[in-house]
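**Q** The structure's right below; bear with me while I get my questions together.
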Amino acid sequence: MQRERVRFRSGGVECVGYFYRPANRPARGPCVVLGHGFGGTQEGSIVHNATDMAAAGLTALTFDYRSFGESGGEPRQVIDIKGQLADWRAAIAFARSQPDIDAAKIAIWGSSLGGGHVLAIAAEDEGLAAAVARPVAYRWHVHALRAAQPRLVLVAAAGAEVAALVEADAH
């Protein structure tokens, strides 16, 4: 697995993220964009999820919301829902712009408050292959919402299951 620090702009603010790429990745493959929960940073538990996804053959992109972690923005540590949703859109657009990412195979995954953001973004972005929301109340279970044909599917949170969703949606 390869970890690469990246930067992208969202609403005039520089956001910092990390790509986690599988060792044997295809020339153009799927990507899962992961976002953390209330007041967290990408160095928390989503690192484990991103490395699991890379081990399952998926490229994963984590990022810090504006004013959190390594990302810019003032004042620090302030939760701005509209700004965080803009950061999700910017992270997805950044992933889609990468030459090694198949833009038709982008999935999003969010934990806690990030899970709520995922549901909002999935409702507006019909180009997503899958969306996985892991609200804190459900612990290790997630809901996957396919934006093109909205329906709710209960899946496990492991990388292999997300890979199966992305691949199935592409066929």
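**Q** Filter region 44-99 for residues that are of a type in the set (Asp, Glu) and more than 16 Å from GLY12 (Cα to Cα) and give the result. Write out each step before concluding.
**A** Within region 44-99, the subset of a type in the set (Asp, Glu) is 52, 64, 70, 74, 80, 87.
Within region 44-99, ASP52 is the sole residue that qualifies.
**Q** State the number of residues belonging to region 97-114 that are closer than 14 Å to PHE19 by Cβ and touching a residue at least 24 places away in the same chain (Cβ under 8 Å).
**A** So the answer is 5.
**Q** Filter region 59-76 down to the residues that are small (Gly, Ala, Ser), assigned to a loop (DSSP other than H, G, I, E, B) and open to solvent by less than 30 Å² (accessible area, probe 1.4 Å) and list them by number.
**A** In the first step, residues of region 59-76 are kept if they are small (Gly, Ala, Ser); the result is 60, 67, 69, 71-73.
Okay, now just the ones that are also assigned to a loop (DSSP other than H, G, I, E, B), so 67, 69, 71-73.
Across region 59-76, the qualifying residues are SER67, SER71, GLY72, GLY73.
**Q** So which residues in region 75-115 are hydrophobic (A, V, I, L, M, F, W, C), under 9 Å from GLY35 (Cβ atoms) and either touching a helix residue (DSSP H, G or I) at 6+ places or on another chain (Cβ under 6 Å) or at pLDDT 95 or above (or both), if there are any at all?
**A** To start, the set of residues in region 75-115 that are hydrophobic (A, V, I, L, M, F, W, C) comprises 78-79, 81, 85-86, 88, 90-95, 101, 103-104, 106-109, 113.
Going one step further and asking which of them are under 9 Å from GLY35 (Cβ atoms), we end up with 88, 91, 108-109, 113.
Within region 75-115, TRP88, ALA91, ILE108 qualify.
**Q** Answer with yes or no whether PHE38 is under 21 Å from LEU119 (Cβ atoms) and of a type in the set (Phe, Trp, Tyr).
**A** Details: under 21 Å from LEU119 (Cβ atoms): yes; of a type in the set (Phe, Trp, Tyr): yes.
It is true that PHE38 is under 21 Å from LEU119 (Cβ atoms) and of a type in the set (Phe, Trp, Tyr).
**Q** Here is a follow-up. Being part of a strand (DSSP E or B) and among the basic types (Lys, Arg) is the requirement here; does LYS82 meet it? Before you say what the answer is, go through the steps one by one.
**A** On the way: part of a strand (DSSP E or B): no; among the basic types (Lys, Arg): yes.
Taking the combined requirement at face value, the residue does not satisfy it.
**Q** Looking at TYR65, TYR18, which is the one that is in contact with a strand residue (DSSP E or B) (Cβ under 7 Å, 6 or more places away or on another chain) and touching a residue at least 12 places away in the same chain (Cβ under 8 Å)?
**A** TYR18
The values are calculated or read from the model by the stated rules, or taken from the named source; none is laboratory data. What you are looking at is a predicted structure, and each value in this text was computed from that prediction instead of being measured. Cβ: placed from backbone, ideal geometry, glycine included. Neighbour counts: every protein chain shown. The protein model used for the area step is the full one, side chains on, heavy atoms only, and it has no ligands, DNA or RNA in it. Shrake-Rupley method; radii C 1.70, N 1.55, O 1.52, S 1.80 Å.
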